[in-house]
Structure formats: C-alpha cells, structure tokens
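Please read the structure below before turning to the comments.
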Amino acid sequence: MPPGTTTDQTRPFAAQSRDETAELLTKAVNLGLDFKLQPEVFLERIPSVEARDRLISSFPVNPGTVEDALAEFAETMLPLCKNEASPQFLGFGDTGDDVGALTGGVLALLTQQNLINQSFDSPSATFIEATALRWLRELIGYTNPQVEDLKTVLDFGGVITHGGTMSNSLAMMLAREHKVPGTMETGVRDPGRFSIVVPRDIGHYSVKSALKWIGLGYQVIEVDTEGFRYDLKALERALREHEGRIMSVVVYAGDSRTQTVDDLRGVRDVVRAADERIWLHADACWGLMCSFSDRLCGKIAGIEDYDSVTVDPHKVMAVPHSLGALLVRDPASLKAISSHSGLIMGDDFDCGQVTPFIGTKAWLSLKLWMMMRTHGRSGLAKLAEDRVDKALRFADLVDSHDRLIRLHTVDMMAVTFMYIPADVDVTAPDIERINEANLRIHERMLADGTWHLHHFGLPDDDGVLKYGVTLYPLRFMAANPRIEEHHMTGVLDYILELGATFDEGSL
Ligand SMILES: Cc1ncc(COP(=O)(O)O)c(C=O)c1O
C-alpha cells in the first residue's frame with residue numbers, strides 16, 4: 001500500500017475511533033431519515049441501462065474514506081432510490097418507517113447476534129424471537145404453550161423468515177412431509193402425489209415456485225374463483241377428482257391484488273370433509289392486519305384451524321425489510337423439516353434447526369419485537385382501522401368519477417380500479433382499449449415518478465366490465481399513515497389528466 005493512503009477509517013473499529021464512527025453513523029442515519037421524509041417517490045428517473053452505466057464501477061485499488069463513500073452514495077445512488085415511505089407512493093406500502101422497528105433494526109445491526117445458535121450466538125435474542133412468534137400466534141388465535149413448557153425450539157410454534165416467499169416455501173415442505181413422512185430422508189418419489197390446490201389467477205407465485213424449489217415440480221391444480229374467493233363447489237369437485245394426490249390446499253387471507261380474504265371457514269369445511277389429511281395453509285401476508293382489531297378480525301375467522309399460516313410484518317407493520325414468519329398450529333410439526341448439526345446447532349433452543357436454507361441469521365425479530373412492544377394491541381388496532389377507513393374513502397372517490405371504475409369490494413386496504421376512455425361504452429366495453437389506456441397511464445406514471453400505483457393482470461372476477469376477462473388495472477393501497485385526503489385526490493386528478501391525454505391520442 002503506498003504511504004500516506006491509509007486513513008483512520010480503514011483501521012479496525014476501536015475505542016479511539018468510537019466518536020468518529022458515531023459521527024459517521026449519525027450522518028448515515030440523518031441521510032436515511034431525510035430520504036424517508038422527502039415528499040417525492042423518486043428524485044430522478046432514468047432508464048435502467050443508463051443507471052447501469054452510471055453506477056457500475058471498477059474495484060478501487062487504494063483505500064478511501066467512509067465520508068467519500070457516503071458522499072458518493074448521496075450523490076449517485078440516493079436520488080434514484082424509490083422512497084416507499086412517501087405518501088405519494090400509493091401502490092404498495094412497505095414503508096419500513098415504524099420508529100420502534102427502525103430502532104430495533106439499528107440495534108440488531110450493531111449487536112450482530114446470530115440466531116443459528118442460542119447458547120453462545122444469541123443467548124437473549126433467541127427468546128425475543130420466541131416472544132415475537134408467540135405474540136404473532138396470539139394475534140391469529142393459535143394457542144401458546146406455557147413458558148415453563150418451552151423445552152426446545154420445537155415449542156416456539158413458528159419460524160422467523162426473510163418474508164412471505166420463504167414462509168410459503170417452508171409451509172410447502174411441511175405439507176410434503178405430512179403427506180409422505182420421511183421424504184426429507186428418502187427423497188421425492190412419484191411427485192404426482194404432492195399436488196397443491198390454489199385459486200386460479202389470483203394467487204402469489206411463491207407457492208408454485210416453492211414446489212419447484214423443493215423438488216416436486218409443477219404440481220398445481222387451479223380452482224375457479226368467484227369474487228376473488230374459491231368457488232366452494234368447484235373446490236369440492238377438484239378435491240374429488242384428484243383424490244389421494246393432493247398434499248395441500250392454499251388459501252389467501254388477502255390476495256396479492258385486491259386483498260380479498262377468502263372464506264376461511266368455508267374452505268376448511270370443504271377440505272376437511274374431503275380428506276382430513278390435506279395440509280391447510282393460509283397465506284396471511286396481508287390478512288395478519290385484520291387480526292389487529294376487534295372490528296376487522298371477523299374477516300379472518302377460522303384461520304386458527306389452518307395447519308400453517310404465513311404472515312409478513314414487513315408488509316403490514318411498517319417493519320423495515322426483511323421480516324416474515326411461518327406459524328404452525330401444532331408446534332411439534334416443525335420437527336419434520338428440522339435439521340441438526342453438532343457443529344453449531346446442537347442445543348435445544350437453536351433456531352437454526354428449523355430454518356431450512358438459512359445458516360447464519362440476523363436478529364430480524366428485534367425490529368418486530370420493538371414494533372409490537374411500542375404499539376401494543378390498541379395501537380395496532382388503530383393502525384389497521386385507519387388504513388381500512390382510508391381505503392373506503394378512496395373507493396368513494398373512485399366511485400364519484402364517471403371515467404373511473406372500481407373492480408371489487410374493499411376488504412382491506414387495497415382498491416383496484418381502471419380509467420375508462422371517453423369513447424368506451426361500459427355497457428358494451430372494449431376491453432382491449434380500456435387495458436391499453438391503463439397500461440399507457442401506468443407507463444407514464446412510472447416514467448414521471450411523481451406518483452405510484454401498482455399495476456398487474458387481474459381476472460374480472462366480479463364481472464364489473466366483462467366476467468372472466470383479464471384486466472390490467474391500477475391499484476391503490478392505504479398502508480402509509482401519512483396518506484391524507486389531498487394525496488388521494490391528487491393521484492386521481494393525475495390519472496384523470498393522463499386519461500384525458502390518452503383520449504386525445506397523445507399519451
Ligand atoms: C399474498 C402474498 N404472499 C406472498 C408474498 C411474498 O412475500 P415476500 O415478498 O415478503 O417474500 C406476497 C408479496 O407481495 C404476497 O402478496
């Protein structure tokens with residue numbers, strides 16, 4: 001290394017550099033907080049290829065200062081970053097801005113506990129992980145063992161994961177082991193026996209991908225829906241037709257598009273009547289929110305009878321990425337997918353035994369513990385109810401415009417709607433033209449970067465325009481507590497303006 005190029009900041013962290021490090025971290029925290037508070041979703045929008053060419057650089061030969069790296073970050077990366085905490089970002093809602101959760105995240109980073117092992121890697125963190133899981137279980141109505149009966153990690157009743165996709169994948173592994181115990185050891189034979197049932201066109205890709213990841217192949221039976229819920233008669237028929245070949249029925253407590261909660265009790269009854277051994281899995285990535293409030297929890301009634309439930313606090317609890325969980329009705333069921341190693345996870349409380357695919361795992365749950373510890377039940381109830389009230393208000397605003405049409409009843413905090421071009425008669429709708437208008441509107445919205453709504457393909461399951469056709473609507477989500485009336489009217493005015501431009505032929 002040439003003389004004079006070493007800086008203090010490349011030396012190991014030590015007492016002498018503590019204050020300097022604190023100053024740098026404070027600078028970084030301030031940058032991040034100001035970013036979250038900026039009203040804009042994006043400060044700058046450029047094509048992907050331009051971002052690639054601007055940002056990918058060669059590996060520096062010599063050391064540099066953290067200050068310089070911070071300056072480069074602020075100048076080149078931050079302006080292109082998406083600010084999901086902006087109240088103008090109205091398509092999703094992973095705001096990640098809960099103050100308690102942010103505090104927990106910082107402390108998790110600094111304490112560097114490793115949840116793979118309890119005794120020497122995470123002596124206290126393991127039991128905070130267990131506490132967070134027990135609080136989540138309590139919310140959805142699973143019973144918890146007494147604290148003195150917690151003898152091993154298999155009594156915790158769930159796994160903290162990196163999100164909904166991983167939780168759903170673990171659920172599919174549990175379903176597989178339930179169907180043919182010992183597959184972990186013997187491998188999969190006759191994959192056709194491991195089919196799953198999902199609702200047609202409204203499910204999340206993760207369960208289908210999970211089947212491929214865990215060596216089962218694409219064993220998916222899609223069942224028709226009505227109003228974004230299983231058609232129970234069609235479900236009954238599918239269970240009869242594929243008798244003996246189904247390992248799991250997957251239900252959405254809030255689907256990814258309209259956030260409609262399925263009839264959890266109805267599905268449970270149909271499945272249990274057909275085959276007691278089918279693994280019932282509820283994806284409640286969104287539906288967890290209903291459990292916060294007495295007013296809303298009826299929507300997910302029956303979820304406590306499902307064998308496993310996926311929840312995703314980074315979606316509905318403003319917890320910074322990433323944090324999900326899989327909860328299981330019978331805590332001991334996790335034994336079927338556990339693994340052991342005397343190397344690092346040989347002790348009874350080692351969470352690593354029940355986290356397939358993950359070795360070292362950060363103290364993700366501290367964010368969640370802090371969030372739930374600071375809000376309490378009543379704080380969570382208010383959060384959920386405010387969101388639903390805002391979604392209902394947005395639905396009213398959509399309904400009050402002739403050129404906008406809403407595609408479903410509001411069940412949670414999502415409102416999916418479309419712009420109807422002026423030359424379209426909704427009684428005999430030209431679906432292609434309506435889709436085209438909404439596609440163009442969304443493209444322009446992404447390029448502008450001022451407002452954000454989500455966009456995807458959706459079957460017209462309520463027959464609002466034409467039953468069964470695929471629509472490409474816009475989706476509002478009322479997750480962010482900073483959303484006010486003027487944001488809702490503002491984004492609709494913007495859509496109507498773009499719609500008028502489309503009508504004139506200039507979008
Ligand atoms: C219903 C549902 N399940 C699973 C997922 C996947 O969650 P994650 O992105 O946390 O892996 C999503 C994501 O939007 C979802 O909407």
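The values are calculated or read from the model by the stated rules, or taken from the named source; none is laboratory data. Small disclaimer: the values here were computed from a predicted structure and weren't measured. Heads up, the Cβs are rebuilt from the backbone with ideal geometry, glycines too, and the neighbour counts pull from every protein chain shown. Quick note on the areas: whole protein, heavy atoms, side chains included, nothing else; ligands and nucleic acids left out. Shrake-Rupley method; radii C 1.70, N 1.55, O 1.52, S 1.80 Å.
A few notes on this one:
- Remark: the E504-T409 segment gains 31.1 nm on full extension, using 0.36 nm per residue and subtracting the alpha carbon distance.
- Accessible-area ranking of K179, K27, K233, largest first, probe 1.4 Å: K233, K27, K179
- Between D305 and F120, the C-beta separation translates, for a Förster distance of 30 Å, into a calculated FRET efficiency of about 0.15.
- Between S58 and F127, the modelled label-to-label distance comes to 5.5 nm, taking each label 7 Å out from Cα in the direction of the beta carbon.
- Considering only the stretch 100-374, percent of DSSP beta bridges that pair antiparallel, nearest 5: 45 percent
- The stretch 37-92 shape via C-alpha gyration tensor axes, a/c threshold 1.5: oblate
- 222 nm mean residue ellipticity, helices alone, for the chain (DSSP H n ≥ 4; -39,500 (n - 2.57); rounded to 500): -12000 deg cm²/dmol
- Computed over the stretch 8-83, relative contact order equals 52 percent, with contacts defined as Cα pairs under 8 Å that lie 6+ residues apart.
- Note: relative contact order over the stretch 234-321, using C-alpha pairs below 8 Å and six or more positions apart, is 29 percent.
- Placing a label point 7 Å from the Cα of R18 along the Cα-to-Cβ direction, the residues of the stretch 96-111 with a backbone N closer than 19 Å are 107-111.
- Across the stretch 426-432, rounded Karplus estimates of 3J(HN,Hα) from the backbone phi angles (6.51 cos²θ - 1.76 cosθ + 1.60, θ = phi - 60°) give 5, 7, 9, x, 8, 4, 4 Hz, Gly and Pro being marked x.
- Distance from the stretch 138-177 to the stretch 51-126 (C-alpha centre basis), Å: 28 Å
- Measuring r between the beta carbons of L109 and T374 and using R0 = 25 Å, the FRET efficiency lands at 0.85.
- Projected label distance in nm at V147 and N30, using a 7 Å step from Cα toward the beta-carbon: 4.2 nm
- You can think of it this way: the chain between L392 and V188 has 68.7 nm of extra reach, that is 0.36 nm per residue less the Cα-Cα gap.
- Of the whole protein surface, M370 contributes about 40 Å² of accessible area at a 1.4 Å probe radius.
- Residue order for T103, T95 - accessible surface, 1.4 angstrom probe, largest first: T103, T95
- Taking amide H as placed 1.01 Å from N in the peptide plane, the amide H of L404 sits under 5 Å from that of I420, each at least 5 places away or on another chain.
- Cross-linked pairs K299/K335; K361/K382; K233/K335; K233/K299; K299/K361: Cα-Cα separations exceed 28 Å for K299/K335; K361/K382; K233/K335; K299/K361.
- Three-way shape label, the chain, alpha-carbon gyration tensor, a/c 1.5: oblate
- Accessible surface for H454 stands near 60 Å², nearest 10, in the context of the full protein assembly shown (1.4 Å probe).
- Distance (nanometres) between label positions extended 7 Å along Cα→Cβ at E385 and Y467: 3.8 nm
- Efficiency of FRET between E138 and D263 - r from beta-carbon atoms, R0 25 angstrom, step 0.05: 0.60
- Contact order for the stretch 367-505, expressed relative to its length and based on alpha carbon pairs under 8 Å spaced 6+ residues apart, stands at 25 percent.
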